[in-house]
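This report refers to the structure that appears directly beneath it.
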Amino acid sequence: CNSSLDFCTMGNGMYKGPARRWETGAYVMVDETRTKPMGNFTRNLCFGKVLYSCQALDRHHYEYTVQVSEEETECVLEQFIRPLWGYKLPAPDWVTPDSRLVSISVETHGKRKFVAELIRRSPDGSFEVRFLSDGTYMEKVEVTQMSEPRPGDLRSASPESMDPDPIWLLDRKIHADIDREWKMAKRITACLEQIRTPRPANSTALRGPFVGQDHFDSEGYPAHPKPLEDLAIDGSFVDTWGKFAGKVKFATTYNIGPANPRMDAWVDQIDAGEPLYFHAALPVYAGLICLGRYPNEPNVPGTPEWIRATDVSLVGIALYADGVLLPGFEDPPLEKNSLQKYGHESCHFIPGCTSTYMTDMNWVGAVFCLAPMESDYEVKDDIYNIMAYHEILRDAARRTHLSQPGTDALERRQVTIQVDLVLSTSYLANVRQVCCGSISVHLTEGGMKISHERLRSVVDQRLNSQAAHFPKRPRKVLSEEHLEDGVETRMAVDMQTLRAKSVTATPAHTEVSRSRPVTRQTDVPLQPDFISGSILAPATTGEQTSLPSAEGYMPGASSSDAAIELAAAVALAASAGIAGTDGQETLLPGTLAPEFPPPPLATVDDAPTSEAAEPKLPAFPGVVEETSAPVRPPRPSSARRPPDGSADADAWQMSRAAPAAAPARDAPTGPRAPSPGLRAPSPGPTAARKRSLYDT
């Protein structure tokens, strides 16, 4: 017999046998593995209360009935039982053979604590507890969540029976007071610095596992421990996205992606005059990709961050030319009243990205446009990408034309464009470049001329077309500056700053014309956000420049179309002011000096003095420019009042009062010469609607 056992004696002094070691009602811990000979109390354990005991067979003297819970009871041999002492688990010190109660604090309920009893311990050191109120269980409870029961702790409620705190529904970054600890301005700067470095073009595509506890993806980011059921990766997902997941592919048509699974006409090099589209897709749902850790500090182990169902998911397109970022929205606007809407400062633009789209955690991929086909008018969702792509071509053409002689002509007349797909949220606390792709664009003379005309067609005709506003292809929610968010003030300030930095040449005019004067200039600083990061700075000369007047902007518009039109007009005007290699000046159409206010919209009663021909945009360096069509002379008319108090005013009044006499039969027929001092007739409302975007 074991010498540590207690023995009982009979009345005659003889030994009857060993006595029981564990009294009824004591709390004990039981080795669930039943490791012989004496049990293993360092792995799987369960805790219970001794109810009964009886003598055992063989060499075991007693067998105990232990109640683990109201639904579970076990019969355990004496050698596999030990008294419940918390310091031996390890567990809280107040856990003794007299009590196994603990108070549990749950993140979802703030400072509230619920009384529960210990049930089991897992090999990883976490516990399973059972709440006293309704008998519900909770697993994976850490020792840090336990405390000694107090009189104020809840015994009649559990985390499942009580609603969580309203503040818990907010992100943990709000709990950490991110707006005070890490202001939005610093977050924008950190994001921009990260985006400036492109994702390595030769890197392998991102691969999983993306789901599972203690798992990591191919780049070392944690996998999602418990995703929602909507984010399940099943056979349907693999059949739909398996061919495109984690890739950025280019094509010359928009008929690409899962809607056209048999389309294999991908391209890796094109001419500047060809259309260009690309399909970008994440390897899995956006909600399964870890964005990083917050806080992201070297000495602080941050918590992994994923896109939640309540977050505003942002997908950005970053463009790089020969490894250099073309930054867009370097100083993005913040959401108005975001503290009231979301409880934190919010920004719906990823700094440095050419365009940003608002999505959700279920987003995977879409088709994007850089250079639309001739028949494609659905350009509104990709207008920022289109403008930035043509800006890259313009700067690359200038850079390669001014390169040192003696280099390979084919090598210096092309540019490599890389597209990075960036994922973030409106917090801008973490940004991750998930996938990328690149393509070579050859800068031929004919291709540059076609791209120049294509950009003008997009701005003049396609941007405000019916197909652009009501597309047939799936829409993408583009983050853009809206009038109600104060964009008119923002752009007006930018224009005033530009005019202050430029020296305006005032042309000599004998009278104020209704048509905008054309001002000579060599180049214009590229100010809009989506083209502010020019690869090559514009060539500076001694010529004077002028910029569009800010007063021409119409703040009374009721939609964001006016903002897009103004930004596109400024971008196209800037791209038109390219100085030739020989230093000759070019004309910037639609430029108005500050001394002359912008004209009002043309009406039937108020017509322009002359019908000027629409000026042609200049050609790129080395591009042969065609001869423009002759200007049609104005049609004479005497039905308009002279603009000044000239001597012909009385004659005009008489002609209005009485009809002119019929000409003689023998009089020669033909166009009548216009009266001196009279203005040209109105081209009518139809012609006014067809006027160029630069004049409106």
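The values are calculated or read from the model by the stated rules, or taken from the named source; none is laboratory data. Everything numeric here is computed off the predicted structure, so don't read it as measured data. Neighbour counts run over all protein chains shown; Cβ positions are idealised from the backbone, glycine included. To get the accessible areas, we keep the full protein, side chains included, count just its heavy atoms, and leave off ligands, DNA and RNA. Shrake-Rupley method; radii C 1.70, N 1.55, O 1.52, S 1.80 Å.
Miscellaneous remarks
- Among the residues of the range 100-117, those identified as touching a strand residue (DSSP E or B) at 6+ places or on another chain (Cβ under 7 Å) and open to solvent by 30 Å² or more (accessible area, probe 1.4 Å) are Leu101, Ser105, Arg112, Lys113.
- Index of the failed condition, Arg262 passing every other in (1) modelled with pLDDT under 90; (2) touching a strand residue (DSSP E or B) at 6+ places or on another chain (Cβ under 8 Å): (2)
- Among residues of the range 354-385, those that are acidic (Asp, Glu) and not in a loop (DSSP other than H, G, I, E, B), counted: 2
- Yes/no for Val415 being over 30 Å from Asp179 (Cα atoms) and either among the aliphatic types (A, V, I, L, M) or crowded, with 22+ Cβ neighbours inside 10 Å (or both): yes
- Residue within the range 327-337 that is in contact (Cβ under 8 Å) with a residue 24 or more places away in the chain and polar (S, T, N, Q) present: no
- Failed criterion for Glu229 (all others in (1) modelled with pLDDT of 90 or more; (2) open to solvent by 60 Å² or more (accessible area, probe 1.4 Å); (3) of a type in the set (Asp, Glu) hold): (1)
- Count of residues meeting criterion [part of a loop (DSSP other than H, G, I, E, B) and either in contact with a helix residue (DSSP H, G or I) (Cβ under 8 Å, 6 or more places away or on another chain) or free of Cβ contacts under 8 Å to residues at least 12 places away in the same chain (or both)] in the range 72-117: 9
- Ala397, sole failed condition from (1) hydrophobic (A, V, I, L, M, F, W, C); (2) modelled with pLDDT of 90 or more; (3) touching a helix residue (DSSP H, G or I) at 6+ places or on another chain (Cβ under 9 Å): (2)
- Options Tyr320, Tyr377, Tyr342; residue that is open to solvent by 10 Å² or more (accessible area, probe 1.4 Å) and within 19 Å of the chain's Cα centre (by Cα): Tyr342
- Residues within the range 25-39 that are open to solvent by less than 40 Å² (accessible area, probe 1.4 Å) and either without any contact (Cβ under 8 Å) to a residue 24 or more places away in the chain or in a strand (DSSP E or B) (or both), tallied: 4
- Considering only residues in the range 276-313 that are open to solvent by 40 Å² or more (accessible area, probe 1.4 Å) and without any contact (Cβ under 8 Å) to a residue 40 or more places away in the chain, the one that is nearest to the chain's Cα centre (by Cα) turns out to be Glu297.
- Evaluating Leu334 against the criteria (1) at pLDDT below 90; (2) open to solvent by 60 Å² or more (accessible area, probe 1.4 Å); (3) under 17 Å from the mean Cα position of the chain (by Cα) leaves one unmet condition, (1).
- When residues in the range 447-475 are screened for being open to solvent by 40 Å² or more (accessible area, probe 1.4 Å) and either part of a loop (DSSP other than H, G, I, E, B) or in contact with a strand residue (DSSP E or B) (Cβ under 6 Å, 6 or more places away or on another chain) (or both), 6 of them pass.
- Of the residues making up the range 71-84, none is in contact with a Pro (Cβ under 8 Å, 6 or more places away or on another chain) and closer than 29 Å to Asp214 by Cα.
- With respect to the conditions (1) in a strand (DSSP E or B); (2) of a type outside the set (A, V, I, L, M); (3) surrounded by fewer than 16 Cβ atoms within 10 Å (Cβ to Cβ), Arg43 lacks only one, and its number is (1).
- Considering the range 118-158, the residues that are open to solvent by less than 40 Å² (accessible area, probe 1.4 Å) and in contact (Cβ under 8 Å) with a residue 60 or more places away in the chain include one that is farthest from Val30 (Cα to Cα), namely Gly135.
- Taking strands (runs of 3 or more DSSP E) as the structural unit, those lying wholly within the range 233-350 and holding at least 2 residues that are small (Gly, Ala, Ser) correspond to 276-281, 313-321.
- Scanning the range 168-212 for residues that are without any contact (Cβ under 8 Å) to a residue 60 or more places away in the chain and open to solvent by less than 30 Å² (accessible area, probe 1.4 Å) turns up just one, Gly212.
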